[in-house]
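The values are calculated or read from the model by the stated rules, or taken from the named source; none is laboratory data. Keep in mind that what you see is a predicted model, and the values were worked out from it rather than measured. Every residue, glycine as well, gets a Cβ built from its backbone with ideal geometry; the counts of neighbours run over all protein chains shown. When the accessible area is computed, the model is the full protein with side chains, heavy atoms only, and any ligands, DNA or RNA have been set aside. Shrake-Rupley method; radii C 1.70, N 1.55, O 1.52, S 1.80 Å.
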Amino acid sequence: MRFRLDEQQLDLKRAVRELLGRRFGRDALREGVDAPRIDRGLWRELGDAGFFSLRLPEAEGGVGLGLPEAVLVFEEAGRALLFGPLAATHLAAGVVPGAATGETVVTTVGGGGLVEWLDAADVVTGEATGAVAVRSVDPLTPLHRVPAGSRTPEPDGLLVLLTAAEQLGTAVRTCEAAVQHARTREQFGRPIGAFQAVKHLCAELLVRVEVARAAVYAAAVTADPVDIAAARLLADEAAVRGARDCLQVHGGMGFTWEADVHLCLKRAWVRAERGGLMTDSEEVLAGELLVEFR
């Protein structure tokens, strides 16, 4: 099956990429690493652009588009490594006042009882009483954990899918970074991309991105829980393994704090916990296979 974006969807992707490129470039990303905080001005600008109200009907002040378009904009957010509880706020549009316009930042209790950006959020969905701060591997995603034994909600399928779209975007970023470095970095008088081992790493990066893209886009069309589970697993793999392979392509300099590759890997690790454990998605797929083979 071929997924061809129409002109409106391509324009939407371009507009979001241009907005984030203008308002959230590398300088803003690195400033966030030094002092993570929600940029309320950018949040409202995203609201004005329809980022959060994308799926709301026009009669309710929204853009009136669908889940496939939401996946496209979240892919761009993931590529930019834009931080903050974007998916939770998007899903709260039309339910929580101010979420659709970016005036209200909404977070949610996610997988494993983890809550992202609890201190910065205006509204929390789920029971977060007694949540304590925990050290996050990602400097751009502050985390709290609710007490053991607290009731945590079942993972929301749409939250899982939008997270998979973000993972896809980050996988695209690491693929682009690896290829660019392989073209420009020279060793023994030749670009390192001329060496077979590096070629294989870049090729594997691209394959994982395209497989994950097909799965995420398909799940956006069907909204089927099994398709979402498959998309989540493939996107997590593309983001995590892609960042690791990108580190290998960059060599020693990829492991330095000044490089951005480690930020992609750390964000991918944290997102992989957002929609529940990966085994939850594996169980969904295993259950479907069991039904088919009975």
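Couple of notes before you dig in:
- Flag if Arg183 is among the basic types (Lys, Arg) and within 19 Å of the chain's Cα centre (by Cα): no
- Just so you know, in the range 219-230 the residues that are assigned to a helix (DSSP H, G or I) and of a type outside the set (A, V, I, L, M, F, W, C) include one that is surrounded by the fewest Cβ atoms within 10 Å (Cβ to Cβ), and it is Thr222.
- Filtered residues of the range 181-212 (kept if closer than 15 Å to His250 by Cα, basic (Lys, Arg) and open to solvent by less than 50 Å² (accessible area, probe 1.4 Å)): none
- Unique match (being within 17 Å of the chain's Cα centre (by Cα), closer than 30 Å to Ser150 by Cβ and either open to solvent by 30 Å² or more (accessible area, probe 1.4 Å) or without any contact (Cβ under 8 Å) to a residue 60 or more places away in the chain (or both)) among Thr104, Thr89: Thr89
- Selection status of Glu127, charged (D, E, K, R) and touching a helix residue (DSSP H, G or I) at 6+ places or on another chain (Cβ under 8 Å): no
- Residues of the range 107-139 that are surrounded by fewer than 19 Cβ atoms within 10 Å (Cβ to Cβ), of a type outside the set (Asp, Glu) and either at positive phi or in contact with a Gly (Cβ under 9 Å, 6 or more places away or on another chain) (or both): Gly112, Ala120, Val123, Gly126, Gly130, Pro139.
- Condition broken by Val216, with the remaining ones in (1) in contact (Cβ under 8 Å) with a residue 60 or more places away in the chain; (2) open to solvent by less than 40 Å² (accessible area, probe 1.4 Å); (3) farther than 19 Å from Asp260 by Cβ; (4) more than 14 Å from the chain's Cα centre (by Cα) satisfied: (4)
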